[in-house]
Amino acid sequence: MNRTIIYFFIFFTFLSSFSVLNFAQCSDAGVCQLGHLADEKEEQLNISVTYKNGYSGKEDDVSFNSIQLETTYELFNNSTVKILLPYNFKSGPGGNVKGIGDLIISWTQELFSNEASSLNASLGAKLATGDENKEHSLPQIYQPGLGSNDFIFTVDYNNNNFGFGTGYQLAGGRNDKEGLRLKRGDDLLLKASYLFSSEYFKIIPQLIFIKRLSKSSILDINSPGENFIEVDKSDQSQFNLLALVQYNLNENYDFFSEVAIPLLKREVNVDGLTRTYTVSFGMRFIIN
């Protein structure tokens, strides 16, 4: 492994130790799960298992742990289907909650490819398989799911080692969380990445910007009837620095780790997605 890759690995590991000072949101809502990275290889089937850990910060004081099972299958030439299902564990002063999270299904089609570049589009859905009322007395942040069926669309362009992408997540209406009835705004995503590679290691730093396009709204519990009010500052932007480190054990197995370093503080956490840090570790089995 060359010296540049070693420096970047040390740099992002160093940055991750300071992530507790900031706030981030990315993967839980779904839009960050879709797309096509510059390091993805041609394979008919791969299955991965990932452990993810995060923390909300001292105000909510909730810890997050998740086991994610993901499979990607090549339906036909240059067209793949991906399925991701998490099982979530959340704990805090209010108690402990565990359960199946929201299922994400996506289809990715290569639109253009040559020796130097490629263009891919992905269409997906985040399905409300997680229960937003798993523990009725606890707030949304403890629940395994968001309670809405969302649609997601992304486009990714890769040129040599550079990658650029955009995405849109259409929030699927109001959930049924008792006392909340949350309706999130839609999300717009922009991202850029660069691939550093050696014989066995790959490092992919990414910059991800997410703009919530409208404010979230919730049930007004202080008024008679079913009236809803907008949540102030719930349309905040997010800007995250991520780094994926991948080790290719052989042609059938990969090990990977990811850290997220948020660069913008997200003050309002009505949807329970704010994290002071996010780290993950996993293994991928590849069948060619």
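The values are calculated or read from the model by the stated rules, or taken from the named source; none is laboratory data. Model, not experiment: these values are computed from the prediction. Positions of Cβ are backbone-derived with ideal geometry, glycine not excepted, and every protein chain shown enters the neighbour counts.
Data overview
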item: Within region 207-287, strands (runs of 3 or more DSSP E) holding 2 or more residues that are β-branched (Val, Ile, Thr) and in contact with a Gly (Cβ under 9 Å, 6 or more places away or on another chain); result: 277-287
item: Tabulated pairs, region 121-144, first without any contact (Cβ under 8 Å) to a residue 40 or more places away in the chain and basic (Lys, Arg), second part of a loop (DSSP other than H, G, I, E, B) and crowded, with 19+ Cβ neighbours inside 10 Å, C-beta under 6 angstrom, 6+ apart or interchain; result: Lys134/Gln143; Lys134/Pro144
item: Pair list, Cβ under 9 Å, 6 or more apart: region 75-86 residue under 14 Å from Gln44 (Cα atoms), other residue among the hydroxyl-bearing types (Ser, Thr, Tyr) and exposed (fewer than 14 other Cβ atoms within 10 Å of the Cβ); result: Asn78/Ser113
item: Failed condition for Glu199, given (1) surrounded by fewer than 17 Cβ atoms within 10 Å (Cβ to Cβ); (2) outside any loop (DSSP other than H, G, I, E, B); (3) of a type in the set (D, E, K, R); result: (2)
item: Answer residue from region 133-190, given it is out of contact with any Asp or Glu (no Cβ under 8 Å at 6 or more places or on another chain), part of a loop (DSSP other than H, G, I, E, B) and polar (S, T, N, Q) and is surrounded by the most Cβ atoms within 10 Å (Cβ to Cβ) among those; result: Ser148
item: Filter result for the condition that a residue is of a type in the set (Gly, Ala, Ser), crowded, with 18+ Cβ neighbours inside 10 Å, farther than 22 Å from Phe151 by Cβ and in contact with a Pro (Cβ under 6 Å, 6 or more places away or on another chain), over Ala243, Ala260; result: Ala243
item: Close pairs from region 227-238: first within 19 Å of Ile210 (Cβ to Cβ) and in contact (Cβ under 8 Å) with a residue 24 or more places away in the chain, partner of a type in the set (Lys, Arg) and in a loop (DSSP other than H, G, I, E, B), Cβ under 7 Å, at least 6 apart; result: Val231/Lys215; Ser234/Lys215; Asp235/Lys215; Gln236/Arg266; Gln238/Arg266
item: Residue within region 167-175 that is of a type in the set (Ser, Thr, Tyr) and out of contact with any helix residue (DSSP H, G or I) (no Cβ under 9 Å at 6 or more places or on another chain) present; result: no
item: Region 234-257, residues that are more than 24 Å from Gln44 (Cα to Cα) and within 16 Å of the chain's Cα centre (by Cα); result: Ser237, Gln238, Phe239, Asn240, Leu241, Leu242, Ala243
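Every residue, every condition in (1) at pLDDT below 90; (2) touching a helix residue (DSSP H, G or I) at 6+ places or on another chain (Cβ under 7 Å), yes or no:
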position: Gln246; (1), (2): no, no
position: Tyr253; (1), (2): no, no
position: Leu264; (1), (2): yes, no
position: Leu273; (1), (2): yes, yes
position: Tyr277; (1), (2): yes, yes
position: Phe281; (1), (2): no, no
